[in-house]
Amino acid sequence: MNVEEINKHNQVYEQAYSLLRGEILLDGKPPLSRPGFFVRRRLNKAIALFNDVLQMNPENWAAMFGIAKAAQRLGDNVRAFDLMLAAHRGNPSVSGFAREAGLIAFQLGRTRKGIELTEAAITIQPDDGSLYSNLGLGHLLGGNTAAAVEAFQRANDLELDHTITPRLLAVAQAVHSGTLPCPKSEAEVLRAAQQIFGRERR
């Protein structure tokens, strides 16, 4: 691309990204409210602009990831996962691509793939406690409770002030000991954590 084309490419990308601010989910944060008409219009406009970017530069993996996050916000996790996976394969050095793809894989029931992607992110960011927490979640959903306990313990060591990780660790330990049945979804994991925490407070 010449200078004029590069400037246009960057301008369109920034315009698209600005439409996502405050509207996308990152690292498994609690879901935002269901997008209304105006939010959906913003997200679809962002998708159209990111597609324009990809027309100019098919290897702009961040633009592809932006489309994926917009699709996720619009409730299309299958499309979001496929695009995140493509972005990760295009640039495997970006831990965020693998992190987010792994989280969606867990939501889609593709536990083994989610673990693989989370481990890929950990090789890039080995001191990120939240990645080990994600890994623990994956192992727990996959029924490997010993690996889940180990991953949550590592997450706890890296983020001593994190309030959620000790609860997740307690769930994994309870499942590993046979006190609780193995959860099959993130929602069941959270309910188990609330159950354990509630018992501790009584």
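The values are calculated or read from the model by the stated rules, or taken from the named source; none is laboratory data. No experiment lies behind these values; they were computed from the predicted model shown. Using ideal geometry, Cβ is built from the backbone for each residue, glycine included, and neighbour counts are taken over all protein chains shown.
A few points about this structure:
- The criterion of being at pLDDT 95 or above and either touching a helix residue (DSSP H, G or I) at 6+ places or on another chain (Cβ under 8 Å) or under 30 Å from GLU5 (Cα atoms) (or both) holds for ARG99.
- Of the residues making up region 136-152, none is more than 20 Å from the chain's Cα centre (by Cα), crowded, with 24+ Cβ neighbours inside 10 Å and not polar (S, T, N, Q).
- Taken over region 36-59, residues that are touching a residue at least 40 places away in the same chain (Cβ under 8 Å) and either part of a helix (DSSP H, G or I) or touching a Leu at 6+ places or on another chain (Cβ under 6 Å) (or both) amount to 3.
- Single condition ALA46 does not satisfy, out of (1) surrounded by fewer than 23 Cβ atoms within 10 Å (Cβ to Cβ); (2) of a type in the set (Gly, Ala, Ser); (3) in the same structural domain as TYR17 (by TED's automatic domain parsing): (1)
- Those helices (runs of 4 or more DSSP H) of region 111-202 that lie entirely within it include none in which at least 2 residues are in the same structural domain as GLU100 (by TED's automatic domain parsing) and modelled with pLDDT under 95.
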